[in-house]
Structures are given as C-alpha cells and as structure tokens.
Amino acid sequence: MPHGKTSYVCLPCRASYKQPYLGDHERPCPRCAEPLLHVGSAFAAPRRRDEAGWRTLSVLLNAGVRFHKSCCGGPGYRPQTLSEVKERMAYARRSGEPYAKALVRWELP
C-alpha cells in the first residue's frame, strides 16, 4: 500500500524535503549526510535565511514536537516566534508540565 508524502528536516542545513513515508528507517540529508528528522506531513519550513524561525523550529523538534495532521486537518497550535517559545518554556519550568505539551498549548493559564 503506498504511503503519502511527509516532511523531513535537516537542522544544520536548514533544509526540508518532502518524501514518501516508508516507515522509521533513517534517511540521510542529501546535502550533509546527517540523519534527517521526520517532522510530519503538516509541516511548512521557514525560509533558509530566517534564523529565528529555524531556532524556534529547533526547540520544538528537540522537545519532541512534530507536525502531523489531526482530525481538523492541521497539526494544531505551534509557536511561531522565539518569544512564544520562551513563554511556554518558562511555564513548563514553573508548572512541571513536559516541554512538548507546554509548547503546543494555544493559551497559557
């Protein structure tokens, strides 16, 4: 059964690739040969020159946040700026909530 396309990212190269999803086998980056991160089919990459966007993305991916489609078609809320990331990380430290959960909250209590 064929699988749909999904996104893979190389953080050092600031590159995103749409490829067929073939399971959990490792894929090398075509530019640097480092392993690509599977980020999901609802992912839209920042522009390569957008340093703040890639830093924001790096925090999300390193916390385990991915961009898979949900019942409503998109991945749900994801922070777009470093200030949104910092607010949610501070909340996670104060509350003890896991970073991955705090980072995808629409609103903070």
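The values are calculated or read from the model by the stated rules, or taken from the named source; none is laboratory data. This one's a predicted model, so the numbers in the text were calculated from it and none came from an experiment. With ligands, DNA and RNA removed, areas are computed over all heavy atoms of the protein, side chains included. Shrake-Rupley method; radii C 1.70, N 1.55, O 1.52, S 1.80 Å.
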Query - Karplus-derived HN-Hα couplings along region 100-109 (A = 6.51, B = -1.76, C = 1.60, θ = phi - 60°), whole Hz, x at Gly and Pro - result: 4, 6, 5, 5, 9, 6, 5, 9, 8, x
Requested in this report: List the lysines whose Cα lies under 23 Å from the Cα of LYS69, skipping any in the same chain that are fewer than 8 positions away.
Outcome: LYS5, LYS18, LYS101
Report task. Multiply the residue separation of LYS86 and TRP106 by 0.36 nm, subtract the distance between their alpha-carbon atoms, and state the gained length in nm to one decimal. Result -> 5.8 nm
Query raised in the report: For region 32-109, what is the accessible area per residue in Å² when the probe is 1.4 Å?
Result: 62
